[in-house]
Amino acid sequence: MKCVAINGVKSLEVKEIAEPVSSEGRVVIEVKKAGICGSDIHNWDAGAPEGLVMGHEFAGVVLDPGSRTDLKVGDRVTALPISPCGECEACKSENHQYCAQTWAHALGLTLDNPGSMAEKTSFRPDMVRKLPDSVSDEEGAMVEPTAVSLHAVNLANIKEGAKVLVIGGGVIGLGCAMLAKKAGASLVCVSETNENRGKRAVELGVADKYLDAKDPEFVVKAMTESMGGFDAVLECVGIAPAVNSAIFTVKNGGSIVLVGVSQKPEEIFSVMVVMKELKVFGAIAYTIKEFEDTIRMIAEKEIDVMKFVTDTVSLEDTQKAFERLTSGSGTDIKILIDPAK
């Protein structure tokens, strides 16, 4: 079957690999739509691991239900790409996202489990979830990234009337902004270095105001806009300047949720965390309940995730899509892949 795999630094290739089979009860799925995630971009940027077939955001149709007796051929599904052990303290407390095994065999993130940037893929049977008829294939591919945003917003514990800053206008950041509003925030600002993306957040109705992260007066303007500091800041970039911006613009006693990922040490003003007695949370993925809640919210039209989908491309055009998403000046938010296109 045809897939897209990493072929070096910032390089992808379309190639043929063996079709998945239902070993160990796995559910074999024909991919209808797959999303490009920030973690995919990290791997593409590093060119490693070479040969990796990425893609952990998807919607598809069951070809072989494996050991799932409640599934049949033709069912529309999505799935959690994780591989929790089910036995450790994290799993027993329903926090599978930080089980030590969760990412060991994650789909689209490890070489032993090719992802959804392919015509077909296979999932651990217990991780597969049916999609309601009211959820389109495109919306199904948006469940996973939206669940990431939901987890971050839940950690922030946003109250009615709260003032919230989201740093980063990618799909996770905009999802956080949308869900912060849903949680009752009275003011949601988005900061971005990419002016086009920042303004787009306001145009889409998920943010009340765009703040230019490159502005030398950014902190002063953010503090003025929030009248003394934001109740919560969700940092969705993962670099030191963004984390420090969060520290300086959150109010005393406020909350910071670190959603962005850095793969190297970052220098931050920890003294300000201490002096302001801040609550700082790391956010990784989502709980199983949050993933299922996201499906329900999309199905019941409580949230509109399609406003973030800016294009759908073929496997052959995936390389260009990665380049567009990392241009630093484009308006693309989420690009989906259609393997049949």
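The values are calculated or read from the model by the stated rules, or taken from the named source; none is laboratory data. What you see is a predicted model, and the numbers here were worked out from it, not measured in a lab. Virtual Cβ from ideal backbone geometry, glycine too; neighbours counted across all protein chains shown. SASA here: full protein model, heavy atoms, side chains in, ligands and nucleic acids out. Shrake-Rupley method; radii C 1.70, N 1.55, O 1.52, S 1.80 Å.
Observations
- Pairs linking a residue in the stretch 98-122 that is modelled with pLDDT of 95 or more to a residue that is open to solvent by 50 Å² or more (accessible area, probe 1.4 Å) and of a type in the set (A, V, I, L, M, F, W, C), with Cβ atoms under 7 Å and 6 or more positions apart or on different chains, are Cys99/Cys85; Gln101/Cys85; Lys120/Leu63.
- Of the set (1) closer than 27 Å to Leu52 by Cα; (2) within 18 Å of the chain's Cα centre (by Cα); (3) aliphatic (A, V, I, L, M), all apply to Ala156 but (1).
- Near pairs, Cβ below 6 angstrom, 6+ apart or cross-chain, from the stretch 123-137 (without any contact (Cβ under 8 Å) to a residue 60 or more places away in the chain) to any residue that is assigned to a loop (DSSP other than H, G, I, E, B) and among the aliphatic types (A, V, I, L, M): Met127/Leu80
- Scanning the stretch 2-50 for residues being in contact with a strand residue (DSSP E or B) (Cβ under 8 Å, 6 or more places away or on another chain), among the β-branched types (Val, Ile, Thr) and over 16 Å from Val313 (Cα atoms) gives a total of 6.
- Against the conditions (1) open to solvent by less than 30 Å² (accessible area, probe 1.4 Å); (2) free of Cβ contacts under 8 Å to residues at least 12 places away in the same chain, Thr69 satisfies every one except (1).
- Strands (runs of 3 or more DSSP E) fully within the stretch 1-80 counting 2 or more residues that are closer than 19 Å to Ala106 by Cα: 2-6, 27-35, 58-64, 76-79
- Number of residues in the stretch 135-158 that are assigned to a loop (DSSP other than H, G, I, E, B) and closer than 21 Å to Asp311 by Cα: the value is 3.
- Taking the stretch 75-113 as the range and being open to solvent by less than 60 Å² (accessible area, probe 1.4 Å), under 19 Å from Leu52 (Cα atoms), hydrophobic (A, V, I, L, M, F, W, C) and in contact with a Pro (Cβ under 6 Å, 6 or more places away or on another chain) as the test, the residues that pass are Ala106, Leu107.
- Any chance Ala162 is over 18 Å from the mean Cα position of the chain (by Cα) and of a type in the set (Gly, Ala, Ser): yes
- Matching strands (runs of 3 or more DSSP E) fully within the stretch 230-299 where at least 1 residues are out of contact with any Lys or Arg (no Cβ under 9 Å at 6 or more places or on another chain), open to solvent by 20 Å² or more (accessible area, probe 1.4 Å) and of a type in the set (Gly, Ala, Ser): 279-282
- Any hit, the stretch 306-322, residues being among the hydrophobic types (A, V, I, L, M, F, W, C) and assigned to a loop (DSSP other than H, G, I, E, B): no
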